[in-house]
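Take a look at the structure set out below.
What follows draws every value from the coordinates through simple rules; no lab data is involved. Given the structure is predicted, the values throughout are model-derived calculations rather than measurements. When we count neighbours, we look across all protein chains shown, and the Cβ atoms used for this are built from the backbone with ideal geometry, even at glycine.
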Amino acid sequence: MSEWLVLSIAMASACAIVLTIVVINHRRVGDDDDPTQTPDVLEYMTMMIGVIYAIVLGLAIAGVWEGRGAAQESVRQEAQALHEVSARAEVYPADVRARIRADIDAYVDYVIDTEWPHMTEHNEVTERGGELLDRVRHDVTLYAPRTDLEGQAYQPLVDQVAAADDARNSRAQNTGATMPTVVWFGLITGALITIGLIFALQIRRTGRELLLAGLFSVMIAFLLFLIWDLDAPFGHGISATPEPFVDLLPGAGD
């Protein structure tokens with residue numbers, strides 16, 4: 001099911017539930033009820049709860065967005081390190097250079113075509129990807145430099161392979177959800193309480209009040225969906241992408 005369809009259903013459901021409760025609640029209120037008699041302390045508490053929940057929502061969105069950014073940065077660092085290895089191998093003999101670049105292309109192709117879909121579905125990287133990167137490390141570290149120029153390039157190449165491995169490990173750690181279950185419990189409970197306060201303020205069935213109640217519930221549903229969509233950096237619509245591999249290693253994915 002499309003995530004946009006899920007969002008539309010969630011927002012429409014939240015709006016319909018709130019408006020239905022408002023209409024039913026209005027029918028149960030007696031004719032002698034006066035909504036202007038809402039205690040001032042109740043209005044103050046409602047305002048404070050709304051402000052606190054807005055702060056919590058903002059922090060949650062900032063947290064998942066930062067997690068998504070960190071995940072994308074790990075991908076960029078991994079691609080950049082492999083690009084450096086491929087470029088700096090130019091000083092090596094043709095057969096060694098070709099082997100290194102071929103193994104890098106094989107690794108990148110595997111990441112884009114196989115490991116990325118697996119990572120999206122299962123929230124983990126594959127052992128095969130690690131084996132292919134180890135092959136690149138083997139190519140680089142076991143070659144004995146024969147000239148001064150090759151000797152000068154050897155250690156930077158080893159360092160770049162280590163940087164790619166470190167970025168891969170970081171990518172593996174970012175595959176799962178970033179928001180703990182207890183935080184989701186607080187966000188959903190806070191949403192129910194915040195929307196429930198609409199009824200504590202004795203909202204009526206006028207067009208303006210119904211519109212505001214509906215828009216308020218839709219906004220809460222959208223923000224919760226946004227947090228959920230950003231919560232898995234590699235698993236949902238607004239997720240990190242393998243574009244750095246394609247941009248920095250033009251032969252990737254061919």
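See the values below:
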quantity	calculated
Contact order normalised by residue count of the stretch 33-144, Cα under 8 Å, 6+ apart, percent	18 percent
Protection proxy ranking of 189-195, 219-225 - average other beta-carbon atoms within 10 Å, highest first	219-225, 189-195
Highest average packing first - 135-141, 125-131, Cβ atoms within 10 Å	135-141, 125-131
Three-way shape call for the stretch 99-235 based on the alpha-carbon gyration tensor, with the a/c threshold at 1.5	prolate
Model label zone, Gln152; criterion: amide N under 17 Å from point 7 Å along Cα-to-beta-carbon; scope the stretch 84-111	87-93
Cα-centre dipole for the stretch 97-141 with unit charges at Cβ (Lys and Arg positive, Asp and Glu negative), debye to 20	340 debye
Peptide ranges 57-67, 100-110, 165-175 listed from the most packed, as the mean C-beta count within 10 angstrom indicates	100-110, 165-175, 57-67
